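Asker: The following block contains the structure, expressed as structure tokens.
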């Protein structure tokens, strides 16, 4: 099996080159081609010899995702990408333009095994984890296509990032490496449905990333209805892990709360949510749920969403309503991949 060259840092690349009989300084030549210029083949590396290119071709895999489809929103310019991996599996990434720069939401797994009731990513289960190189290349392909810098990255696409812990960690280190894209860790957000042991592990890594918890219910009973992971980790355990993350890193926690019409968007839900997180240094991101045809959850109307927001603010909670991006292009996690697979199956 060929080595995954894009998943190595510069030091590891240097060690590999020594094993090929090359001088370690070659790593300083090759690394920027991979992580700054985002080349698609070893042939594009103009300052290394043909002999070294041949060695790399014979011994290394250069991860380059193939763009299968891109949809652009007529509403806000959001682009949704469907990429094919080398083994034929498909993943999704989303490009969102904000006043503060370009933000890319990437996938961390092919599919997902967490089973959250309102998410299309999980309908067919988890196929496999993505490598650090496959996670990085979603950003590299998009940046190369648009010709503009990506400044913010959110690991909130297909998959549960903390279910792919070691690869996620390596991805963050490579993404924030000053010899590569050099994206500030403060501009990286990792979302989790609440794998408590790995949340606590992450707190010890001394990273400056933002941790976002998919909460979606303010009581154990309600959260369990929407998120099977809640059966394993009780709601107060998860919130305590968030508090621990803040204590260890000083980074404010984000609580993602998908509003499902008639399920978790009532006055009592707002009261219970404020009680649960009262006193924490946190921010609540309200997300009107994206309906998917496989589940019968509905989006609450605008009035209900605003009422919920106002109630939380009355209780002193810092809250925003997430600006909807890409609704007209199947912008929610897993929708485009699911539809594409279904259409291929029909054809």
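The values are calculated or read from the model by the stated rules, or taken from the named source; none is laboratory data. Since the model is a prediction, treat every value here as computed from it, not as a measurement. Glycine also receives a Cβ, built like all others from the backbone with ideal geometry; neighbour counts cover every protein chain displayed.
Asker: I'd like the residue in the stretch 258-279 that is at pLDDT below 95 and touching a strand residue (DSSP E or B) at 6+ places or on another chain (Cβ under 7 Å) and, out of all such residues, is surrounded by the most Cβ atoms within 10 Å (Cβ to Cβ).
Answerer: Once the filter is applied, the top-ranked residue is 258.
Asker: Just the residues that are in contact with a strand residue (DSSP E or B) (Cβ under 9 Å, 6 or more places away or on another chain) and assigned to a loop (DSSP other than H, G, I, E, B), please, taken from the stretch 63-107.
Answerer: 63, 65, 73, 76, 77, 78, 85, 86, 87, 89, 100, 107
Residue by residue, here is whether (1) surrounded by fewer than 18 Cβ atoms within 10 Å (Cβ to Cβ); (2) more than 18 Å from the chain's Cα centre (by Cα) holds:
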{"position": "211", "(1), (2)": "no, no"}
{"position": "221", "(1), (2)": "yes, yes"}
{"position": "230", "(1), (2)": "no, yes"}
{"position": "244", "(1), (2)": "yes, yes"}
{"position": "247", "(1), (2)": "yes, yes"}
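Asker: Of everything in the stretch 313-342, what is over 21 Å from the mean Cα position of the chain (by Cα), at pLDDT 85 or above, exposed (fewer than 13 other Cβ atoms within 10 Å of the Cβ) and outside any loop (DSSP other than H, G, I, E, B)? Give them in sequence order.
Answerer: 314
Asker: Another one. Failed condition for residue 37, given (1) in a loop (DSSP other than H, G, I, E, B); (2) modelled with pLDDT under 95; (3) farther than 25 Å from residue 160 by Cβ, with all others met?
Answerer: Residue 37 satisfies all of (1) in a loop (DSSP other than H, G, I, E, B); (2) modelled with pLDDT under 95; (3) farther than 25 Å from residue 160 by Cβ except (2).
Asker: Would you check which residues across the stretch 53-62 are farther than 20 Å from residue 135 by Cα and assigned to a loop (DSSP other than H, G, I, E, B) and list them? Can you show your working first?
Answerer: Looking only at the stretch 53-62, we keep the residues that are farther than 20 Å from residue 135 by Cα, and these are 53-59.
The answer is none; no residue qualifies.
Asker: Output the residues belonging to the stretch 288-312 that are modelled with pLDDT of 90 or more, out of contact with any helix residue (DSSP H, G or I) (no Cβ under 7 Å at 6 or more places or on another chain) and crowded, with 18+ Cβ neighbours inside 10 Å.
Answerer: 305, 309
Asker: Then there's this: Condition first: in a helix (DSSP H, G or I) and farther than 16 Å from residue 280 by Cβ. Can you find one or more residues in the stretch 149-162 that meet it?
Answerer: yes
Asker: Hey, another quick one. Would you check if residue 31 is touching a helix residue (DSSP H, G or I) at 6+ places or on another chain (Cβ under 9 Å) and part of a strand (DSSP E or B)?
Answerer: no
Asker: Criterion first (closer than 20 Å to residue 174 by Cα, out of contact with any helix residue (DSSP H, G or I) (no Cβ under 6 Å at 6 or more places or on another chain) and surrounded by 16 or more Cβ atoms within 10 Å (Cβ to Cβ)) does residue 60 satisfy it?
Answerer: Against the criterion (closer than 20 Å to residue 174 by Cα, out of contact with any helix residue (DSSP H, G or I) (no Cβ under 6 Å at 6 or more places or on another chain) and surrounded by 16 or more Cβ atoms within 10 Å (Cβ to Cβ)), residue 60 does not qualify.
Asker: Kindly indicate which of 238, 284, 260 is within 21 Å of the chain's Cα centre (by Cα) and closer than 17 Å to residue 307 by Cα.
Answerer: Result: 284 is the single residue among 238, 284, 260 that is within 21 Å of the chain's Cα centre (by Cα) and closer than 17 Å to residue 307 by Cα.
Asker: Six or more apart or on different chains, Cβ atoms under 9 Å: show the pairs whose first residue is in the stretch 70-89 and at positive phi and surrounded by fewer than 18 Cβ atoms within 10 Å (Cβ to Cβ) and whose second is modelled with pLDDT of 95 or more and part of a strand (DSSP E or B).
Answerer: The qualifying pairs are 77/95.
Asker: May I ask you to verify whether residue 232 is without any contact (Cβ under 8 Å) to a residue 24 or more places away in the chain and either out of contact with any strand residue (DSSP E or B) (no Cβ under 8 Å at 6 or more places or on another chain) or within 18 Å of residue 116 (Cβ to Cβ) (or both)?
Answerer: Working: without any contact (Cβ under 8 Å) to a residue 24 or more places away in the chain: yes; either out of contact with any strand residue (DSSP E or B) (no Cβ under 8 Å at 6 or more places or on another chain) or within 18 Å of residue 116 (Cβ to Cβ) (or both): yes.
When the stated conditions are applied, residue 232 passes them.
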